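Beneath this line is the structure, given in structure tokens, with notes to follow.
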Amino acid sequence: MTTIVSGSASQTLAASLADELEVSLAAVEYDRFPDGELLAAAPDFDDDRAIIVGSTVSSDAHLELLQLQDAVREAGAEDVVTVLPYMGYARQDEAFEAGHPVSARAVARSISTGTDRVVTVNPHEEAVCEFFEPTATAVDAAGRLADPLPADLADPVFLSPDAGAIELAETVRDTYGDGETDYFEKTRHSGTEVEISPSDVDVAGRDVVVTDDIIATGSTMSEAVGVLRDRDVGRVFVTCVHPLLARNAVTKLRRAGVETIYGTDTIEREVSAVSVAPAIADEL
Ligand code: R5P
């Protein structure tokens, strides 16, 4: 028998996954000692297979995931599957400067020791799966991102803010069923400063859907939308797999003129309109 065990940042998704798979959802407790140390536990867990679901959106969430892996082993689980709906640090997949770590590899190694299998969702680069020791696979959730779009998009254009995300934009177009695709050129100057050069596609009077894998600070998307606004675009919809929406990202996007922002529940936010539970369930 299988039981789902949720990290504190992924409780809604874990419950949806339990429903999809028709398995039970463990009781979990998340505590903090007076010195700041965490204690995540699954006190009644008593099964031979655990699926731990936890996006590592913070260092605490990462530590909690390691504790839950250990807790279910301690309680007798023989097979532990770790679902990382969002893998933190995945974008740091190489040492960008001398003396820097390959943070994604360090994170993957720590998670690998407590699990027999890893499933993640749209990592920034799929090659990050190779950093894990047990089998790690990536689920593509982009197919669901077209679901919340209105059926009456005017002559739609599906754009990505850079060449790296064009496949996501193409997937959203394909599932929507109609429209042109293209991408902007992006130059990143710092963690919060990006420059976006327009694509050649004519957007005047047309509805545009801009898709990326992650919206973090919102700099990439707000720049992209700013470029569109200068070109007399119709409605603008912004969508992503991982709505990290750090700091002032939402305000930045609204000020740029975005009408609708939505993403999936890999990171549980108000804008998480699409669940990746069915896609993860298929993979499992
Ligand atoms: C990077 O290439 C990613 O695909 C995203 O474009 C990036 O992580 C978004 O970050 P931000 O929202 O901070 O611009």
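Those residues that are open to solvent by 20 Å² or more (accessible area, probe 1.4 Å), within 19 Å of Asp162 (Cα to Cα) and not in a helix (DSSP H, G or I), I need them from the range 219-271; list them, please.
Asp230, Arg231, Leu244, Leu245
Within the range 115-132, which residues are within 16 Å of the ligand (Cβ to nearest atom) and more than 18 Å from Gly54 (Cα to Cα)? Don't jump to the end; show me each part of the working.
Initially, the range 115-132 is screened for residues within 16 Å of the ligand (Cβ to nearest atom), giving 120-128.
If the condition is that a residue be within 16 Å of the ligand (Cβ to nearest atom) and more than 18 Å from Gly54 (Cα to Cα), then Glu125, Glu126, Ala127 are the ones that fit.
For Ser190, which of the numbered conditions (1) within 30 Å of Ile51 (Cα to Cα); (2) within 16 Å of the ligand (Cβ to nearest atom); (3) among the small types (Gly, Ala, Ser); (4) surrounded by fewer than 19 Cβ atoms within 10 Å (Cβ to Cβ) fails to hold?
Unmet for Ser190, out of (1) within 30 Å of Ile51 (Cα to Cα); (2) within 16 Å of the ligand (Cβ to nearest atom); (3) among the small types (Gly, Ala, Ser); (4) surrounded by fewer than 19 Cβ atoms within 10 Å (Cβ to Cβ): (1).
Taking the range 124-135, which residues are open to solvent by 20 Å² or more (accessible area, probe 1.4 Å) and either hydrophobic (A, V, I, L, M, F, W, C) or under 16 Å from Ala277 (Cβ atoms) (or both)?
Let us first name the residues in the range 124-135 that are open to solvent by 20 Å² or more (accessible area, probe 1.4 Å), namely 124-127, 130-131, 133-135.
Matches in the range 124-135: Ala127, Phe131.
Under 8 Å by Cβ, and 6 or more places apart or on different chains, what pairs join a residue from the range 244-258 that is within 13 Å of Ile215 (Cα to Cα) with one that is open to solvent by 80 Å² or more (accessible area, probe 1.4 Å) and away from the ligand (no atom under 11 Å from the Cβ)?
Listed by first residue and then by second, the contacts come to Leu245/Arg269.
Looking at Glu268, Glu259, Glu283, Glu223, which one is within 11 Å of the ligand (Cβ to nearest atom) and among the acidic types (Asp, Glu)?
Numbers: Glu268 fails: within 11 Å of the ligand (Cβ to nearest atom); Glu259 fails: within 11 Å of the ligand (Cβ to nearest atom); Glu283 fails: within 11 Å of the ligand (Cβ to nearest atom).
Only one candidate qualifies: Glu223.
So if I check each of Asp174, Asp140, which one is open to solvent by 30 Å² or more (accessible area, probe 1.4 Å), within 16 Å of the ligand (Cβ to nearest atom) and either modelled with pLDDT of 95 or more or closer than 23 Å to Arg247 by Cβ (or both)?
Working: Asp174 fails: within 16 Å of the ligand (Cβ to nearest atom).
None of the others qualify; the one that does is Asp140.
For the range 145-161, what are the residues that are surrounded by 20 or more Cβ atoms within 10 Å (Cβ to Cβ) and either within 16 Å of the ligand (Cβ to nearest atom) or under 18 Å from the mean Cα position of the chain (by Cα) (or both)?
Listed by number, the residues that qualify are Leu145, Ala146, Phe158, Leu159, Ser160, Pro161.
Just to be sure, is Ile214 away from the ligand (no atom under 12 Å from the Cβ), crowded, with 16+ Cβ neighbours inside 10 Å and at pLDDT 95 or above? Give the steps one after another, and end with the answer.
Numbers: away from the ligand (no atom under 12 Å from the Cβ): no; crowded, with 16+ Cβ neighbours inside 10 Å: yes; at pLDDT 95 or above: yes.
Criteria not met by Ile214.
Can we say Ser112 is closer than 26 Å to Asp282 by Cβ, more than 16 Å from the ligand (Cβ to nearest atom) and either open to solvent by less than 50 Å² (accessible area, probe 1.4 Å) or within 15 Å of the chain's Cα centre (by Cα) (or both)? Walk me through how you get there before you give the answer.
Working: closer than 26 Å to Asp282 by Cβ: yes; more than 16 Å from the ligand (Cβ to nearest atom): yes; either open to solvent by less than 50 Å² (accessible area, probe 1.4 Å) or within 15 Å of the chain's Cα centre (by Cα) (or both): yes.
It is true that Ser112 is closer than 26 Å to Asp282 by Cβ, more than 16 Å from the ligand (Cβ to nearest atom) and either open to solvent by less than 50 Å² (accessible area, probe 1.4 Å) or within 15 Å of the chain's Cα centre (by Cα) (or both).
For the subset of the range 177-187 comprising residues that are touching a Ser or Thr at 6+ places or on another chain (Cβ under 7 Å) and in a strand (DSSP E or B), which member is most open to solvent (accessible area, probe 1.4 Å)?
Here is the first cut: in the range 177-187, the ones touching a Ser or Thr at 6+ places or on another chain (Cβ under 7 Å) are 182-186.
Filter once more, keeping what is in a strand (DSSP E or B): 182-183, 185-186.
Working: Asp182: 36, Tyr183: 83, Glu185: 104, Lys186: 63 Å².
The selected residue is Glu185.
The values are calculated or read from the model by the stated rules, or taken from the named source; none is laboratory data. Quick caveat, the model's predicted, so the values are computed rather than measured. Note: ideal-geometry Cβ built from the backbone for every residue, glycine included; neighbour counts use all protein chains shown. When the accessible area is computed, the model is the full protein with side chains, heavy atoms only, and any ligands, DNA or RNA have been set aside. Shrake-Rupley method; radii C 1.70, N 1.55, O 1.52, S 1.80 Å.
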